[in-house]
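Enquirer: Got a structure for you, written out below as structure tokens; questions coming shortly.
The values are calculated or read from the model by the stated rules, or taken from the named source; none is laboratory data. Fair warning: this is a prediction, and the values are worked out from it, not measured in the lab. Note that we place each Cβ from the backbone using ideal geometry, even for glycine, and neighbour counts take in every protein chain shown. We work out accessible area using only protein heavy atoms, side chains counted, and drop any ligands, DNA or RNA first. Shrake-Rupley method; radii C 1.70, N 1.55, O 1.52, S 1.80 Å.
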Amino acid sequence: MAVAMAAALLSGCSSDGTHPPSSQPAEITYTDTLKLPMMEEDTVHPFRVKSTVNASFLPLCYEGLFRLDPQNQAVPLLAQSGRLEGNTFVVTLKTGAVFTDGSRVTAEDVIASFQQAKRNGTLYTDLLKTVYSASAVRDGVRFSLAEENQFAAKLLTFPVLKKSTIESDLPVGYGRYLLRKEQGTYRMEWWPSY
């Protein structure tokens, strides 16, 4: 959005800072590539990222069980549903969800991602302080909470990564886009199975 707005603002200016005559509209060139800003000295691993620049585009490639909408309501992504049961919150996983490598998302992947997200130093550490543990249940994951919390789904926004790639510099995730690194350049490609 910011890139589109900047392009709209700058498209009317010439290189010398003057505006083109109003009788000649500025020519717009369309391509199938959108370039996003990135801090090259930072990582693109969602649990190791430090810069807000890189953290801002990672949700396109790495989604979690829930996301927060503009009204701060939890919206299911990888979760089919969630229900509070006293001091636990049970999440049923979306049927048929697959990672960008085509493998099925499992409760074990969610648990491993939760454990990584909860570690000190991630963007999710403070958010998950009152979520003690996660365990597999039929069709999903049970999260143990410090106390009953009607807003528990809002805490479960951490990215879900494939367990076997979680320590990789470029882990496999679930999201609208597949993140690749080719010849030192990161590329995001639409993931058709999303």
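Enquirer: Looking at region 82-114, which of its residues are more than 26 Å from Trp190 (Cα to Cα) and acidic (Asp, Glu)?
Expert: Glu85
Enquirer: Something else about it: Of everything in region 136-173, what is out of contact with any helix residue (DSSP H, G or I) (no Cβ under 7 Å at 6 or more places or on another chain), assigned to a strand (DSSP E or B) and open to solvent by 50 Å² or more (accessible area, probe 1.4 Å)? Give them in sequence order.
Expert: If the condition is that a residue be out of contact with any helix residue (DSSP H, G or I) (no Cβ under 7 Å at 6 or more places or on another chain), assigned to a strand (DSSP E or B) and open to solvent by 50 Å² or more (accessible area, probe 1.4 Å), then Arg142 is the only one that fits.
Enquirer: Any idea which residue in region 93-105 is most open to solvent (accessible area, probe 1.4 Å), counting only those that are in contact (Cβ under 8 Å) with a residue 60 or more places away in the chain and among the β-branched types (Val, Ile, Thr)? Step through it out loud before you land on a result.
Expert: Applying the first criterion (in contact (Cβ under 8 Å) with a residue 60 or more places away in the chain) to region 93-105 yields 97-103, 105.
Going one step further and asking which of them are among the β-branched types (Val, Ile, Thr), we end up with 98, 100, 105.
Numbers: Val98: 32, Thr100: 17, Val105: 11 Å².
Once the filter is applied, the top-ranked residue is Val98.
Enquirer: For residues that are charged (D, E, K, R), open to solvent by 50 Å² or more (accessible area, probe 1.4 Å) and out of contact with any helix residue (DSSP H, G or I) (no Cβ under 9 Å at 6 or more places or on another chain), tally how many sit in region 47-88.
Expert: Here the count works out to 4.
Enquirer: State yes or no: is Tyr132 over 19 Å from the mean Cα position of the chain (by Cα), farther than 14 Å from Phe66 by Cα and open to solvent by 70 Å² or more (accessible area, probe 1.4 Å)?
Expert: yes
Enquirer: Now, a different point. If I filter region 97-105 for residues that are in a strand (DSSP E or B) and either farther than 16 Å from Arg138 by Cβ or of a type in the set (A, V, I, L, M, F, W, C) (or both), do I get at least one hit?
Expert: yes
Enquirer: Within region 106-119, work out how many residues are in a helix (DSSP H, G or I) and either at pLDDT below 95 or open to solvent by 20 Å² or more (accessible area, probe 1.4 Å) (or both). Steps first, please.
Expert: Of all residues in region 106-119, those in a helix (DSSP H, G or I) come to 107-118.
This time we only want the ones that are either at pLDDT below 95 or open to solvent by 20 Å² or more (accessible area, probe 1.4 Å) (or both), so: 108, 111, 115-116, 118.
Residues that pass the stated criteria total 5.
Enquirer: Considering only region 139-192, state which residues are small (Gly, Ala, Ser) and more than 16 Å from the chain's Cα centre (by Cα).
Expert: The answer is Gly140, Ser144, Ala146, Ala152, Ser164, Ser168, Gly184.
Enquirer: Can you work out which of the residues in region 179-194 that are under 23 Å from Asp69 (Cβ atoms) and either at pLDDT 95 or above or in a strand (DSSP E or B) (or both) is least open to solvent (accessible area, probe 1.4 Å)?
Expert: Within region 179-194, the match that is least open to solvent (accessible area, probe 1.4 Å) is Met188.
Enquirer: Can I ask one more? Taking Arg176 and the conditions (1) touching a helix residue (DSSP H, G or I) at 6+ places or on another chain (Cβ under 8 Å); (2) open to solvent by less than 60 Å² (accessible area, probe 1.4 Å); (3) among the basic types (Lys, Arg), which numbered condition does it fall short on, given that it satisfies the others?
Expert: With (1) touching a helix residue (DSSP H, G or I) at 6+ places or on another chain (Cβ under 8 Å); (2) open to solvent by less than 60 Å² (accessible area, probe 1.4 Å); (3) among the basic types (Lys, Arg) applied to Arg176, the lone miss is (2).
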